[in-house]
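What follows is a single structure, written as structure tokens, with notes after it.
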Amino acid sequence: MERNLMKGNEALAEAAIRAGCKGFFGYPITPQTEISAYMAKRMPKVGGVFLQAESEIAAINMVYGCASSGVRCMTSSSSPGISLKSEGVSYMAGSDLPCVIVNVMRGGPGLGGIQPSQSDYWQATRALGHGDFQILVFAPSSVQEMADYMGKAFDLSDKYRMPAMILADGLLGQMMEPVTFGSEEIHTPDPALKPWATNGHGNKRKHNIVNSLYLQAEELENLVVERFKRYEIVKSEVHEAECYRTDDAEIVVAAYGSVARLAKAAVDLAREAGIKAGLVRPITLWPFPVQEVKDACRNAKRVLCVEMSMGQMIEDVKLALDCRVPVDFYGRTGGVIPKPSAILEQIKILNEKGAE
Amino acid sequence: MTTEAILAGFGGQGILFAGKLLAYLGLNQDKQVSWLPSYGPEMRGGTANCSVCLSDHPIGSPYVTDPDVLIAMNGPSYDKFIDSVKPGGIAIIDSTLVTKECTRTDIRSFRIPSTELAAQHGLPGMANIILVGKLIKETGIAVIDAVRPALEKMIPPKKANLIEANMKALALGMAL
């Protein structure tokens with residue numbers, strides 16, 4: 001199979017097209033603009049729609065419309081743009097609509113900067129908008145995974161009728177690595193297989209309604225409760241993590257996305273220095289891979305959570321471990337990338353502290 | 001075996017292109033490769049740099065902090081990265097633009113007036129490729145015959161006339 005050298009942003013866009021995405025609605029922002037640029041070139045050639053909206057808010061509402069018709073569609077942005085989309089995402093969750101949203105994170109809050117960051121973890125996993133709801137969140141760690149999880153995000157988003165997010169960062173979006181795509185074929189799911197979709201039907205069936213407004217409190221409560229029952233199924237079926245050298249690890253580093261790459265390099269350096277270090281890398285951030293993290297840390301004396309933020313995923317790591325193992329934090333933020341050598345220093349410090 | 005490189009200079013000198021050429025050379029040898037650019041305002045005239053890793057194994061950190069090889073094409077980039085080169089590593093410096101002599105004795109450093117050479121040989125804007133030629137010679141990461149297929153992948157057909165000029169610049173660097 002041909003190995004292509006592509007940027008993470010481009011690989012993700014190509015994978016979306018091959019997964020049958022027929023609608024892309026976006027607004028440019030560094031560091032994800034290559035997704036839009038790639039879609040602008042490719043979409044017309046595969047019979048899809050590329051549309052540069054007048055704003056992020058317009059783009060997410062176009063996704064709402066497109067998804068309502070049962071067509072696979074997506075939008076992408078970076079941190080400040082994702083905040084703007086949050087209203088639309090909430091409406092989509094409230095209307096049980098599938099779609100994929102890509103966030104190539106940059107430093108925040110506010111306009112922040114344009115360098116890589118992971119400071120939108122809470123936004124993605126806790127509250128990408130108002131109301132009781134969750135979205136699926138995937139955190140790829142290589143250009144190949146940017147492609148692989150794009151297809152998966154579309155499939156699972158359709159399966160559970162809920163928005164899915166690819167949570168990447170500027171480093172993953174901008175870097176080039178070899179990537180292979182499963183097949184040349186473009187997957188074309190039939191919108192008619194979505195019996196709820198508001199597509200044309202020539203009055204042959206009762207019309208469908210896509211809506212998130214319910215003025216009767218009990219009716220809304222029932223809907224939300226039913227949706228949360230579905231979330232429980234999702235939790236039991238979707239949970240993924242990579243464990244690296246964790247079998248006998250006494251110091252386990254927990255990191256996701258691009259930072260997991262840097263942490264892996266640090267773990268190798270620690271092993272060379274005779275420290276029993278390992279890495280657990282959550283790939284699904286919601287649902288969080290609780291059992292995988294627990295298993296990876298079964299021999300751990302200490303856990304080190306490393307993030308490009310002030311510490312957000314660390315809360316889920318602590319919850320997964322029921323506070324049975326001390327969890328420390330090391331992070332850089334604002335667009336600064338932590339060096340593997342600095343992560344190694346933290347591992348060494350924790351190794352000396354041991355289980356005290 | 002893993003080779004980690006940093007290429008740095010002004011935006012417009014073809015730093016990212018030179019890094020991509022290294023990545024394609026690795027790709028064509030079935031190696032694991034990564035190419036990580038600085039992005040944003042740098043691309044429009046500030047300082048630009050990129051990290052390139054070539055390896056027989058999956059690449060951990062694509063973010064290079066201690067390079068085996070440095071290509072420095074201006075003074076600020078030289079100052080920023082020269083101390084980070086691994087002992088035993090290689091620094092290839094455009095001496096037309098970097099006036100400082102390299103004082104490190106634990107690395108092999110080569111001062112090459114590539115900007116001047118490019119102008120003399122009618123190869124405007126190809127000082128970067130002259131330095132890549134020197135890099136290939138000193139590291140042995142590829143043979144010259146491997147370069148043309150890599151360039152063919154990188155340069156769109158309508159600019160195919162640039163392939164010959166690139167090959168000429170590369171040969172010039174390899175002869176130094």
For A:Cys73, which of the numbered conditions (1) out of contact with any Phe, Trp or Tyr (no Cβ under 9 Å at 6 or more places or on another chain); (2) surrounded by 24 or more Cβ atoms within 10 Å (Cβ to Cβ); (3) of a type in the set (A, V, I, L, M, F, W, C) fails to hold? (1)
Would you pick out the residues in the stretch B:57-85 that are within 25 Å of A:Leu344 (Cα to Cα), of a type outside the set (Ser, Thr, Tyr) and in contact (Cβ under 8 Å) with a residue 24 or more places away in the chain? B:His57, B:Pro58, B:Ile59, B:Pro62, B:Val64, B:Asp66, B:Pro67, B:Asp68, B:Val69, B:Leu70, B:Lys80, B:Phe81
For the subset of the stretch B:1-15 comprising residues that are within 15 Å of B:Ser55 (Cα to Cα) and at pLDDT below 95, which member is surrounded by the fewest Cβ atoms within 10 Å (Cβ to Cβ)? B:Met1
Residue match in the stretch A:59-73 (condition: assigned to a helix (DSSP H, G or I), without any contact (Cβ under 8 Å) to a residue 24 or more places away in the chain and not acidic (Asp, Glu)): yes
Being away from chain B (no Cβ under 14 Å) and of a type in the set (Gly, Ala, Ser) narrows it down to one of A:Gly257, A:Gly274, so name that one. A:Gly274
I'd like to check something: does the stretch B:63-71 contain any residue that is within 14 Å of chain A (Cβ to nearest Cβ) and under 13 Å from the mean Cα position of the chain (by Cα)? yes
So, in the stretch A:274-302, how many residues would count as being closer than 19 Å to A:Ser258 by Cα, among the hydrophobic types (A, V, I, L, M, F, W, C) and within 23 Å of the chain's Cα centre (by Cα)? 7
Might you let me know whether the stretch A:13-29 holds any residue that is touching a residue at least 12 places away in the same chain (Cβ under 8 Å) and within 14 Å of chain B (Cβ to nearest Cβ)? yes
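May I ask you to say which residue of B:Ile130, B:Ile141 is more than 29 Å from A:Gly173 (Cα to Cα) and more than 14 Å from chain A (Cβ to nearest Cβ)?
Working: B:Ile141 fails: more than 29 Å from A:Gly173 (Cα to Cα).
Exactly one residue qualifies, and that residue is B:Ile130.
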Counting just the residues of the stretch A:41-57 that are buried (at least 19 other Cβ atoms within 10 Å of the Cβ) and assigned to a helix (DSSP H, G or I), which one comes out farthest from the chain's Cα centre (by Cα)? A:Met43
Quick one: which of B:Thr115, B:Thr105 is under 14 Å from B:Ile90 (Cα atoms) and of a type in the set (Ser, Thr, Tyr)? B:Thr105
Only one of (1) loosely packed, with under 15 Cβ neighbours inside 10 Å; (2) more than 18 Å from B:Phe10 (Cα to Cα) is not met by B:Pro124, so which one is it? (2)
Set A:Met165, A:Met150, A:Met175: member being within 19 Å of A:Ser77 (Cα to Cα), within 14 Å of chain B (Cβ to nearest Cβ) and in contact with a helix residue (DSSP H, G or I) (Cβ under 7 Å, 6 or more places away or on another chain): A:Met175
Return only the number of the condition from (1) under 25 Å from A:Gly173 (Cα atoms); (2) within 14 Å of another protein chain (Cβ to nearest Cβ); (3) surrounded by fewer than 22 Cβ atoms within 10 Å (Cβ to Cβ); (4) in contact with a helix residue (DSSP H, G or I) (Cβ under 9 Å, 6 or more places away or on another chain) that A:Cys243 does not satisfy. (2)
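Would you mind stating whether A:Ile29 is assigned to a loop (DSSP other than H, G, I, E, B), at pLDDT 95 or above, within 30 Å of B:Pro62 (Cα to Cα) and in the same structural domain as A:Ile114 (by TED's automatic domain parsing)?
So A:Ile29 fits the description; yes.
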Mind checking whether some residue in the stretch A:42-52 is in contact (Cβ under 8 Å) with a residue 40 or more places away in the chain and within 26 Å of A:Gly335 (Cα to Cα)? no
Residue that is nearest to the other protein chains (Cβ to nearest Cβ), among those in the stretch B:27-48 that are modelled with pLDDT under 95 and within 13 Å of the chain's Cα centre (by Cα): B:Pro37
Can you pull out the helices (runs of 4 or more DSSP H) entirely within the stretch B:119-176 that have at least 2 residues that are out of contact with any helix residue (DSSP H, G or I) (no Cβ under 6 Å at 6 or more places or on another chain) and modelled with pLDDT of 95 or more? B:127-139, B:161-174
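The values are calculated or read from the model by the stated rules, or taken from the named source; none is laboratory data. None of the values given here were measured: they were computed from a predicted structure. All Cβ positions, glycine included, derive from the backbone under ideal geometry; neighbour counts span all protein chains shown.
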